[in-house]
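The values are calculated or read from the model by the stated rules, or taken from the named source; none is laboratory data. Keep in mind it's a predicted model, so treat the numbers as computed, not measured. Cβ: placed from backbone, ideal geometry, glycine included. Neighbour counts: every protein chain shown. With ligands, DNA and RNA removed, areas are computed over all heavy atoms of the protein, side chains included. Shrake-Rupley method; radii C 1.70, N 1.55, O 1.52, S 1.80 Å.
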Amino acid sequence: MLLQMGKVTIDKNLVEELRWRGMIHDMMPGTEEMLGKEQVTAYVGIDPTADSLHIGHLVGVMMLKRLQHAGHRPIALVGGATGMIGDPSGKSQERNLLDEPTLRQNQEALRKQISKFLDFETKAPNCALMVNNYDWMKDYSFLGFIRDIGKHITVNYMMAKDSVKKRLGSDSKSGMSFTEFTYQLVQGYDFQVLYREHRCKLQMGGSDQWGNIVTGTELIRRIEQGEAFALTWPLITKSDGGKFGKTEEGNVWLDPARTAPYKFYQFWLNVSDEDAEKYLKIFTMLKREEIEALSASHAEAPHNRLMQKKLAEELTVMVHSREEYNMAQEASGILFGQGTTESLKKIREDVFLSVFEGVPQFEIPAPAEERDVLELLAVDTAVFSSKGEARRMISGGGVSINKQKLSGPDQRIRSDDFINHKYLLVQKGKKNYFLIRVKKQ
């Protein structure tokens, strides 16, 4: 159901849709009614401790995107001040603190990434806004803060929060610094400032943020005599119990310099069937009927991995581009048995290297006009342990170079066989790849 509010149409079914998508963990009474009857300004806090978002941030960003899509106004709050402190929620120890120039640099990088999800340019009343809490905290004196804010919240109230209890409990070895203990007051003050300056009535966050969020609603009630609301989403987990968004290399980042688009694409392509359906609901804007139809088709032929393919497409296009998705898809096909010499040569060099990053690699001097293939594979490199082994496998049709089977052990490798004059991709059998690269001069 849609509700016309000036130039913006409000989707009254937003909360119902979020429930279906599994994106509501807890919600303060009155939140659903408010979102159904008026345009609401809501915010999510984002940690600026790196110059890129990782996919763990995507739940919050997608919540803001859905909010704007439903006609409401999203605020992305970059925690420049809170980033200097460190949120104790879910942490076992205090984090490293950053200086202002680093935080400002990170903020600008995050804005560029979030701009792919939120509209900061529209003239409509639900234009997205980005703010940094460092701007209102940097000149606030300690005495001023404890006089104006601290006196309204009791220590008993702060101690009752789960995030504090866990850090002060008997299992905690490091305890909690006063700096971290005050985090909920700083975050609560953020909510108060946004309520006062932008009439922001809703803060959203992960389920571990509930205590910090309601501290904000309490400050708004006590100081502003206003009413504000809280909504949290469940912490995202994997079906096998592993941590979402982590690979052997670490976080999956949105910045292509940190996580190559091909690897980003592969992450989503390789999720389990159970996770694929859950992630389609959380991380894409596909409608309910589209996701249900995909799920039904997938159930008929799970080996085709239709849900994973659609998930990887939607996320790679949204975060990177259609061009990067096409490149990743083509590269993936080459690695898993498809492709030709020509398609291999068309792949951009950075994509080519990210695809074959994990395979054994050998360096050789700049190629001569021609090379004996046995010499290349068994002497110059260790693709084969001996010329005899190489001869037998080549004669049996089991060796390819650049996706083309070698005709025989007498074949010569010419300098123009090298991709970009630098690389030879050797395939031994069906699954064993080796990369021969020319040494840099």
**Prompt:** Is there any pair with a first residue in the range 244-264 that is open to solvent by 40 Å² or more (accessible area, probe 1.4 Å) and a second that is of a type in the set (A, V, I, L, M, F, W, C) whose Cβ atoms are under 7 Å apart and which are 6 or more apart or on different chains, and what are they?
**Reply:** 247/267
**Item:** Residue check for residue 312: under 14 Å from the mean Cα position of the chain (by Cα) and either open to solvent by 20 Å² or more (accessible area, probe 1.4 Å) or of a type outside the set (Phe, Trp, Tyr) (or both)
**Value:** yes
**Request:** Would you be able to tell me the number of residues in the range 183-208 that are modelled with pLDDT under 95 and out of contact with any Gly (no Cβ under 8 Å at 6 or more places or on another chain)?
**Result:** 2
**Asked** Out of (1) assigned to a strand (DSSP E or B); (2) farther than 20 Å from residue 339 by Cβ; (3) modelled with pLDDT of 90 or more, the odd one out for residue 371 is which?
**Response** (3)
**Message:** So, in the range 182-226, exactly how many residues are free of Cβ contacts under 8 Å to residues at least 12 places away in the same chain and crowded, with 23+ Cβ neighbours inside 10 Å?
**Reply:** 0
**Pairs with Cβ under 7 Å, 6+ apart, first in the range 296-325 and farther than 16 Å from residue 275 by Cβ, second open to solvent by 60 Å² or more (accessible area, probe 1.4 Å)** = 297/306; 318/116; 319/116; 320/256
**Extreme residue, most open to solvent (accessible area, probe 1.4 Å), among residues of the range 347-389 that are out of contact with any helix residue (DSSP H, G or I) (no Cβ under 6 Å at 6 or more places or on another chain) and β-branched (Val, Ile, Thr)** = 379
**Prompt:** How many of the residues in the range 140-167 are part of a loop (DSSP other than H, G, I, E, B) and surrounded by 11 or more Cβ atoms within 10 Å (Cβ to Cβ)?
**Reply:** 5
**Fill in**
Note on residue 332: of the conditions (1) modelled with pLDDT of 85 or more; (2) surrounded by 15 or more Cβ atoms within 10 Å (Cβ to Cβ), unmet is (1)
**Asked** Is one or more of the residues making up the range 219-232 under 19 Å from the mean Cα position of the chain (by Cα) and at pLDDT 95 or above?
**Response** yes
**Only one of 366, 378, 312 that is touching a Lys or Arg at 6+ places or on another chain (Cβ under 6 Å), within 30 Å of residue 419 (Cβ to Cβ) and of a type in the set (A, V, I, L, M)** = 378
